[in-house]
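The values are calculated or read from the model by the stated rules, or taken from the named source; none is laboratory data. Being a predicted model, the structure only gives us computed values, none of them experimental. When the accessible area is computed, the model is the full protein with side chains, heavy atoms only, and any ligands, DNA or RNA have been set aside. Shrake-Rupley method; radii C 1.70, N 1.55, O 1.52, S 1.80 Å.
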Amino acid sequence: MGKQRDRRKQLAFTIRIKQQKEEIEQREEAFVLAYPVFFNGRYMGDLVRMFEEENLNLKGMRLMNVKEKFVEKHFKNVGGEPQGENPYGTWLEYLTCHPIITLIFEGHDAVRRVQEITLERESLFWSDNGPTVYSSDTVYRAQKDIEMWFQDSKDWYIKATESTHLVYLLPEGKSYGPSEEAYNVLKNDDSWFLHYPNIHGYFISEDMSVVVIKPEAFRKRCVGEILSAVECNCGGIEGLKLVRKADCPGSIVWSDSCTSSSTTDGDECAVAMVVHLLSPVVELMSAEPDTKHIDFDSRVYRIGSKYIYQSELGDKMWSDVVHFFPHGFTLWADPTYQQVFGRLFEASLIGLVPDP
């Protein structure tokens, strides 16, 4: 009897290991391109939360601007523009004149599941004018979309410095590119800009801080909830991207993180943002690190330091910028059309410079 029991245990263990291996092998990465309505309407947190509720893991996120050639290449790859019309002109104009969000979600059968979610018309993903997101329809298409939209910014940095349209604003107060032209465009467009001596002083203000949603929020699947609390209670988000511990291991945000059973230490993730005027209604509870009480109806936002981190304001935030956004600010200044776009960080680079 004892030997039979041992054999049954061994068989059960073997089956469980096989099932776990099959599940790992079947885990997919799905790509989502969220149109400007999510940034403009402050729905980025709601967007993430809808996928988290379906037990999909957020593995990539970038807030970025793109140029026409980049969007045209995307439309060509996916077989054309979205169906329907939008109230902001052509689809090309819409996607190039406003910030967009790109995301990667991982999970079992992720591509099919994400498609089903985004095709649900009674949701954030559809409006009276058509879809508000694009998602890849096959595993192969998802891989190609991710390759295009999540290229390593490091590979573009040197090429971008040769661009006549990108303005770089670096922490030490220096700027590169057509900053004088961009300054003149903004000065003519916004009388308030005259209060600032240069473009650097206008975009890098004393009320900015780096805010990071920490790995614990990923483990508890509440990244979207916390992101909603931040974006609904600040003056604006200037830059946002998902970061990994392996890429910036020296930051304080990893100090109280512990490795979960589903990730390696270097694969731990966080969402880093540059935020203007985070309202004091968002209480960051350093004395109660495990606290997370968010009630949007009563406007209660008590979030412990285990879930969120905020740098000090102004100049003291730059040590965090160096960790998470090492290439500083980028603006897309186009003197030909007398326009300045952006106010975002390095994620903009891949969509704004020509192919290397």
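So who's got an amide H within less than 5 Å of the one on Met61, skipping anything under 5 residues away but keeping other chains? H placed 1.01 Å off N, in plane.
So Met61 has HN proximity to Ile104, Leu242.
When the Karplus curve 6.51 cos²θ - 1.76 cosθ + 1.60 is applied with θ = phi - 60°, which whole-Hz ³J(HN,Hα) does each residue of the range 291-300 get, with x for Gly and Pro?
Values per residue, Gly and Pro as x: 5, 8, 10, 10, 10, 5, 5, 9, 6, 10 Hz.
Under the Karplus relation 6.51 cos²θ - 1.76 cosθ + 1.60, θ = phi - 60°, what is the ordered set of whole-Hz ³J(HN,Hα) values for the range 107-119, x standing for Gly and Pro?
x, 5, 6, 5, 4, 5, 5, 5, 4, 4, 5, 6, 8
Search the structure for amide H atoms under 5 Å from the amide H of Met285, placed 1.01 Å from N in the peptide plane, and list their residues when 5 or more places away or on another chain.
Ile303, Gly304, Ser305
For the range 72-116, what % of the accessible area comes from carbon and sulfur atoms, probe 1.4 Å?
Carbon and sulfur together cover 47 percent of it.
Residue by residue through the range 83-90, which ³J(HN,Hα) values in whole Hz follow from phi under the Karplus form 6.51 cos²θ - 1.76 cosθ + 1.60 (θ = phi - 60°), with glycine and proline marked x?
Working through the residues one at a time gives 6, x, 10, 10, x, 10, x, 6 Hz.
Pairs Lys245/Lys292; Lys59/Lys144; Lys59/Lys292; Lys73/Lys187; Lys67/Lys245: which are spaced more than 25 Å apart, C-alpha to C-alpha?
From the list (Lys245/Lys292; Lys59/Lys144; Lys59/Lys292; Lys73/Lys187; Lys67/Lys245), the Cα-Cα distance tops 25 Å for Lys73/Lys187; Lys67/Lys245.
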